């Protein structure tokens, strides 16, 4: 988290949230707890940035591991296809724990998301799980 991140609204799903605004661009960073499996959740995110779904085998090739203390998250970078009007990007991490899954996600305008990617990754790596 940096000084460019300001608190954003919480809702029934968000346990933490920030936003970054630069001109008319906006990205939102959220931490949520939810169910579902990794493939379905990542394919839902793919649809949000206008990418087609992938089968489990293909999807697993796009997932990177990211260390978070004693936990390991599954990290995806999903950018709208070239030529998409007002392209968005999602940087998403899914972290399974014994009793739930945590989702750390940045979503918003692609140029701003690209500029904030390093901050997001540093934030993710700073999160500690038991």
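Scanning segment 2-53 for residues that are assigned to a loop (DSSP other than H, G, I, E, B) and within 14 Å of the chain's Cα centre (by Cα) yields a single hit, 49. Restricting segment 97-114 to residues that are touching a residue at least 24 places away in the same chain (Cβ under 8 Å) and loosely packed, with under 15 Cβ neighbours inside 10 Å, the residue that is farthest from residue 72 (Cα to Cα) is 111. Cβ-Cβ distances below 6 Å connect the following pairs, each with a first residue in segment 21-50 that is more than 19 Å from residue 3 (Cα to Cα), a second residue that is exposed (fewer than 13 other Cβ atoms within 10 Å of the Cβ), and a separation of six or more residues or different chains: 32/13; 33/100; 39/56. In the set (1) under 15 Å from residue 28 (Cα atoms); (2) surrounded by 16 or more Cβ atoms within 10 Å (Cβ to Cβ); (3) within 13 Å of the chain's Cα centre (by Cα), the condition left unmet by residue 63 is number (1). Within segment 27-47, the set of residues being over 15 Å from residue 94 (Cβ atoms) and surrounded by fewer than 16 Cβ atoms within 10 Å (Cβ to Cβ) comprises 47 only.
Where a number appears in this text, it was derived from the coordinates with a stated rule and is not lab data. In this text the structure is predicted, and so the values were computed from the model without any measurement. Note that we place each Cβ from the backbone using ideal geometry, even for glycine, and neighbour counts take in every protein chain shown.
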